[in-house]
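Okay, structure first, notes after.
The values are calculated or read from the model by the stated rules, or taken from the named source; none is laboratory data. Only a predicted model underlies this, so the values are computations on that prediction, with no experimental measurement involved. Note that we place each Cβ from the backbone using ideal geometry, even for glycine, and neighbour counts take in every protein chain shown.
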Amino acid sequence: MARTFNLGDLFDITANTVPERMAVIWDDVRLSYGELAERSDRLAAAMRRRGLVRGMTMGILMYNCPAYLEALLACFKIGVIPFNINYRYGADELHYILNDAGTDALIYDREFDPLVHAVTGRLPPLRRIVVDDTSKAEDPDNVVWDNEALAYSQALDEPVGDVDLHAGRGDEDRVLLYTGGTTGFPKGVEWSHQAKFFGALRGGVITPDDRPIEAPEQLAARVRGAPSGNLLSLPPLMHGAAMWSSLFSLLTGQTVILVRSKNFDAEQIWGVVAKEKVGMITLTSDAMGKPLVEALEANPGRWDLSSLRAITWGGAAIGISAGCVPAAFSSGMDAEWHGKLREWRDWRRRDHR
C-alpha cells in the first residue's frame, strides 16, 4: 500500500513498526501503539458509518486524556478536519467557534452536555460523540444524559469491518488550529498534513544528526533505529504547544504522558516525572514554569528527577533565567541536542523544499 504524508498514514507506519511500545500513559491507563492504532481505527470507522467524510470538520472539546489523541488520529485517517476548542469557553464563545469552523461533528466530554445543548439549537444539526467517562464530571447528577449522541465506548466497541479507512488519504488533507481568542475572536489556521509534518512536526527528525525524511516509508527505519523516550505534555491538548509536541512523539515512536487532572498541580507533576522517569517536559512558559520551580525549592530532594533531559515551552517567552532553575533538573538538560536542532532549523529554512 502506497503511503503519503497524511498524518494518519505516518502514525500507522510508526504503530506497525513498534506495536508493542507504550504510546500513551494517563494515570493507570496505558496504551501500546498497537492498541492506540486499533482504537483510533474503530473510532474512525464509526465516524465514517455516521456520514463523516473527507473535508468535513469536527471540533474536539475535551480535557487531556487518551480519547483526545484518538479523536485526532481518527480524523486524520478518514480526512475529517479536526479542530481544537478551549474547554473554558462559555456558550457564546462556543457558538462562535462552531459556526466559524462550519462544524459537522463534535466530540466532547459528557460534563459539557449542558453547554453543548445551550448552543446546538442555534446551529445546523451536528453529529455528536460523547466521551462517557463520568468520573471526570464535576457533578454527575447535573449532567444531561444525551441519548441522541453516540457514546464513545459504543464507537470503540464497533469493529472496523468493511470500512475502508485508507481510501483517498493524501498529503493535502487538512488540520485546523484555532487561537485562544485572547486578542479578539478565535482565529483558525488551516495546514495541509504535509506542511504540518515538515513544519511543526520536524519532518521525521528524531536525533540531532537526522535530516527530514524524503518519503513516508523512510519513517519506519527512523523510528526503529531511534532510542525510545517519553514526553510529559503539561498544557491542555487544545493548546498548539501540547497538541503538536504530542503528535511529534506519536509519529516518532515515543511515549506521551498526560496528567489526569483539570488543575495545574506542580507537586503532582513532579511526582509523575519521578514515577514514570520522564525524559522531556513541554509547558507554556512562566504560568507553569514558576510553580514547578517553586515546588522544587519548597521540597528539596523529594523527587528523583535524574531522568529529565529537557524542558521545552511555547506560547510566550519564559522569564525564568537559567540561574534560577534548580540544579536538581537543569543539570540533565541536553543543550547539545537543542543546539543541533537549531542548526537543523536554519538548514531547513535555507535548503529544504
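Before moving on, here are some points about what is shown:
- Ala167 meets the conditions (1) of a type in the set (A, V, I, L, M); (2) within 22 Å of Gly51 (Cα to Cα); (3) under 17 Å from the mean Cα position of the chain (by Cα) in every case but one. The failed one is (3).
- The set of residues in the range 211-235 that are within 25 Å of Ala71 (Cα to Cα) and surrounded by fewer than 21 Cβ atoms within 10 Å (Cβ to Cβ) comprises Pro216, Glu217, Ala220, Ser228, Gly229, Asn230.
- Output for the range 16-61, where each listed residue is buried (at least 17 other Cβ atoms within 10 Å of the Cβ), without any contact (Cβ under 8 Å) to a residue 60 or more places away in the chain and more than 30 Å from Ser261 (Cβ to Cβ): Met56
- For the range 4-35, a residue qualifies if it is among the aliphatic types (A, V, I, L, M) and closer than 27 Å to Val273 by Cβ, and the qualifying residues are Ala15, Val18, Met22, Ala23, Val24, Ile25, Val29, Leu31.
- Qualifying residue in the range 39-54 (condition: β-branched (Val, Ile, Thr) and either in a strand (DSSP E or B) or in contact with a Ser or Thr (Cβ under 6 Å, 6 or more places away or on another chain) (or both)): no
- In the condition set (1) more than 23 Å from Ile97 (Cβ to Cβ); (2) of a type in the set (A, V, I, L, M); (3) touching a strand residue (DSSP E or B) at 6+ places or on another chain (Cβ under 6 Å), Leu61 is compliant with all but (1).
Conditions tested, residue by residue: (1) at pLDDT 50 or above; (2) surrounded by 15 or more Cβ atoms within 10 Å (Cβ to Cβ); (3) assigned by TED's automatic domain parsing to the domain that holds Thr179; (4) of a type in the set (Val, Ile, Thr).
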| position | (1), (2), (3), (4) |
| --- | --- |
| Gly279 | yes, yes, no, no |
| Asp286 | yes, yes, no, no |
| Glu294 | yes, no, no, no |
| Asp304 | yes, no, no, no |
| Leu308 | yes, yes, no, no |
| Thr312 | yes, no, no, yes |
| Trp344 | no, yes, no, no |
